[in-house]
């Protein structure tokens with residue numbers, strides 16, 4: 001049961017937009033497809049919590065209390081579900097391969113000795129990041145290494161807007177990132193001790209609703225010409241049969 005004062009993690013991101021990026025509530029509502037009444041309700045709770053002193057630490061994701069679109073997303077469930085899919089694949093598909101193919105799968109390297117970070121869109125609210133870091137300056141035998149910081153940026157309108165911050169203790173790793181907002185363009189920058197090591201590709205999360213046709217879309221094409229072309233092709237095919 002959700003407590004009265006519990007807020008979705010997305011509320012913190014919108015509050016950051018409002019306080020740090022100086023977005024109006026109208027713009028936030030239009031950009032993130034959230035009603036103004038909901039935004040006002042979230043902001044009222046945040047004001048009561050006295051969260052005016054906002055910095056980047058504010059956007060670190062609390063993986064123990066993740067709420068998106070009024071629903072709690074359990075990361076443990078996500079990982080267990082992924083492991084179940086993996087087990088199902090190994091039990092049902094792998095045995096059908098011949099021995100040579102199985103040996104090839106087992107011989108895949110654990111790392112490629114290249115520095116990279118890539119993103120993949122999973123669904124409207126999740127993206128997947130995987131990376132490898134080999135060369136870190138001022139690092140002696142990995143003794144000083146503690147963690148990598150993944151800063152997720154929203155670059156939909158061409159500007160880099162800090163969206164959330166994740167952390168990892170792995171130099172070669174991967175992570176499911178619950179960005180929580182559909183139909184947006186994201187990229188990730190990998191940091192070590194406040195130094196940016198590399199930047200990922202940009203990916204767009206899918207829409208979470210049906211496409212809405214409007215007059216602007218309908219004027220993009222000459223639908224009469226398109227209908228005539230389809231009719232001509234159909235007639236040609238029918239006459240050839």
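Each reported figure results from applying straightforward, stated rules to the coordinates on display, with no laboratory input. Please read all numbers here as calculations on a predicted model, not as lab measurements. Here Cβ is always computed from backbone atoms with ideal geometry, including for glycine, and neighbour counts include all displayed protein chains.
Treat the count of other C-beta atoms within 10 Å as a stand-in for reagent exposure and order 198, 164 from fewest to most.
Lowest count first: 198, 164.
Order 191-197, 144-150 from most to least packed using the mean count of other Cβ atoms within 10 Å.
Ranking, from highest mean packing down: 144-150, 191-197.
Just need the Rg to Rh number for region 9-59, please, alpha carbons only, Kirkwood Rh.
Looking at region 9-59, the ratio lands at 0.93.
For region 141-190, what value does the Rg/Rh ratio take when both radii are computed over Cα atoms and Rh is the Kirkwood radius, given to two decimals?
Ratio of gyration radius to Kirkwood radius for region 141-190: 1.06.
From Cα coordinates alone, what are the radius of gyration and Dmax values for region 116-214 in angstrom?
Spelled out, the Cα radius of gyration and Dmax of region 116-214 are 15.1, 60 Å.
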